[in-house]
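One structure is given here, and the rest of the page talks about it.
The values are calculated or read from the model by the stated rules, or taken from the named source; none is laboratory data. Bear in mind the structure is a predicted one, so any value in this text is a computation, not a measurement. Positions of Cβ are generated from backbone atoms using ideal geometry, with glycine treated the same way; all protein chains shown enter the neighbour counts. What goes into the accessible areas is simple: the full protein's heavy atoms, side chains included, and nothing from ligands, DNA or RNA. Shrake-Rupley method; radii C 1.70, N 1.55, O 1.52, S 1.80 Å.
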Amino acid sequence: METEFAIIGGGIVGLSLAYGLLRRGKTVCVLDEGDGAFRASRGNFGLVWVQSKGLHQPAYAQWTRASARAYRSFADEIETVSDLPLNLQQDGGYIIHMSEDSLDADRKLYEGLRSRLGGDYPFEVMGHNALKTEEPNIGPKVAGALYCKEDGHVNPLRLLRGLTVAVRHLGGTLRTGHKVTDITPQGEEFSITAEDAAPITAEKVVLAAGLGAMSLGPKLGFKTPIRPQQGQILITEKLPKLMNRPNVEVRQVDEGGIQIGASSAEVGLNDREDVATIAGLAAHAVDMFPKLARARMLRSWAALRIMSPDGLPIYQRSTRYPGAYFVTCHSGITLAAAHAGVLGDWLTDAAEQPDVSAFGEDRFDV
Ligand SMILES: Cc1cc2nc3c(=O)[nH]c(=O)nc-3n(C[C@H](O)[C@H](O)[C@H](O)COP(=O)(O)OP(=O)(O)OC[C@H]3O[C@@H](n4cnc5c(N)ncnc54)[C@H](O)[C@@H]3O)c2cc1C
């Protein structure tokens, strides 16, 4: 098979990129390893989140905000093609604080970012009483929250499914259950070998394999400085409306359950949840929303984030093989609209290019 673009990885990042390329009229084949792989896209928290992103790198704050702004039309398109409601809500969100000190410390960081962005960074500090007006079910231990009107959430599994349908609808080829084992540059093209599949020849190859990029990246001249970071999440039974907006650690999903998370731990390639972590998450959620003390937990799970050393995305074109690209990020749900949108201009050498200069691998060179 021959294709203009081969995308290695059919998670949210690979599918978002594939969708954007197909919309630009390119031929695209997505190869995905399948259920045996680590798949962050199936275990995440579903936030489309702006606040706290890029506190030390304004370019990342801007990039995130641009994706959040593009999200509504992106989600509308996927809903129309797939006929799946994504339940995108972008009505603002909170980071709740349990002490005045931590609220104040974060406020100072946000103010620092705001001044670096020339005043254009929306957030509000809400004390306990102001927050209680918006969220009557918070508990007495809550000190307050930082609120950003650009924050929101989406049903991440439906987004993944919707993108799968949309990619197929636009004529993309999606091969699942085929782990890519080798990528060989051949002149201006690439020959891709996958388990149980005929080889593929591609003009361009995009490595969007999440943690799978660690082994494939060096073949294409990438350093792939990424690591797994474990996050654990739990979800309760369906409950009557308990909160109006998502908070970074607890949100009510469209079906009614309360999703609580996510922890973060450096435990290598370990995606097993443990009782101590889940109990800690639950106790903290009850402090924030005491009514949760009576809720029944339905399910818990762990998944692995794909982390770069500074937590920012990596968008790198291979210097050795210019038709090869490496794309990875910490927040693939939030950035899906940017990946389907302007990042396609970068991948296709369009006349107008997004500025991704802050996100190259060379920033890690000492
Ligand atoms: C607990 C947790 C909470 C999170 N919460 C949020 C959130 O609220 N908002 C947000 O924006 N982001 C969140 N994230 C991050 C988000 O889930 C990830 O950024 C995103 O899923 C990464 O997508 P991906 O496609 O790069 O990786 P993955 O979903 O891991 O997909 C990689 C794909 O590559 C395939 N693959 C791997 N190796 C190969 C190979 N050799 N050949 C072929 N295919 C291969 C795998 O099969 C897999 O499907 C969270 C992550 C975690 C773990």
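Details
- Ala6 being in a strand (DSSP E or B), within 14 Å of the ligand (Cβ to nearest atom) and under 27 Å from Glu195 (Cα atoms): yes
- Being closer than 21 Å to Arg251 by Cβ, touching a helix residue (DSSP H, G or I) at 6+ places or on another chain (Cβ under 8 Å) and basic (Lys, Arg) is a property that Lys141 has.
- Considering the range 197-224, the residues that are closer than 17 Å to Arg175 by Cβ and either small (Gly, Ala, Ser) or in a helix (DSSP H, G or I) (or both) include one that is most open to solvent (accessible area, probe 1.4 Å), namely Ala198.
- Within the option set Ala358, Ala293, being outside the structural domain of Gly257 (by TED's automatic domain parsing), of a type in the set (A, V, I, L, M), open to solvent by 20 Å² or more (accessible area, probe 1.4 Å) and in a helix (DSSP H, G or I) holds for one residue only, Ala358.
- Exactly one residue among Ile78, Ile8 is among the hydrophobic types (A, V, I, L, M, F, W, C) and within 30 Å of Ile183 (Cα to Cα), and that residue is Ile8.
- Filter result for Asn270 (at pLDDT 95 or above and either within 30 Å of Gln353 (Cα to Cα) or open to solvent by 50 Å² or more (accessible area, probe 1.4 Å) (or both)): no
- Unique match (being under 26 Å from Tyr60 (Cβ atoms), open to solvent by 20 Å² or more (accessible area, probe 1.4 Å) and of a type in the set (S, T, N, Q)) among Thr328, Thr348, Thr334: Thr348
- Taken together, the criteria place Ala40 among residues that are open to solvent by 20 Å² or more (accessible area, probe 1.4 Å), within 22 Å of Ser215 (Cβ to Cβ) and in contact (Cβ under 8 Å) with a residue 24 or more places away in the chain.
- Residue match in the range 154-173 (condition: part of a strand (DSSP E or B), assigned by TED's automatic domain parsing to the domain that holds Ala340 and open to solvent by 10 Å² or more (accessible area, probe 1.4 Å)): yes
- You will find that of Ala350, Ala337, the residue that is in a helix (DSSP H, G or I), aliphatic (A, V, I, L, M) and at pLDDT 95 or above is Ala337 and no other.
- Taken over the range 77-98, the criterion of being closer than 27 Å to Ile260 by Cα and open to solvent by 50 Å² or more (accessible area, probe 1.4 Å) is satisfied by Glu79, Pro85, Asn87, Gln89, Gln90, Asp91, Met98.
- Selection over the range 225-250 of residues that are assigned to a strand (DSSP E or B), open to solvent by 20 Å² or more (accessible area, probe 1.4 Å) and either farther than 30 Å from Lys291 by Cα or acidic (Asp, Glu) (or both) gives a count of 3.
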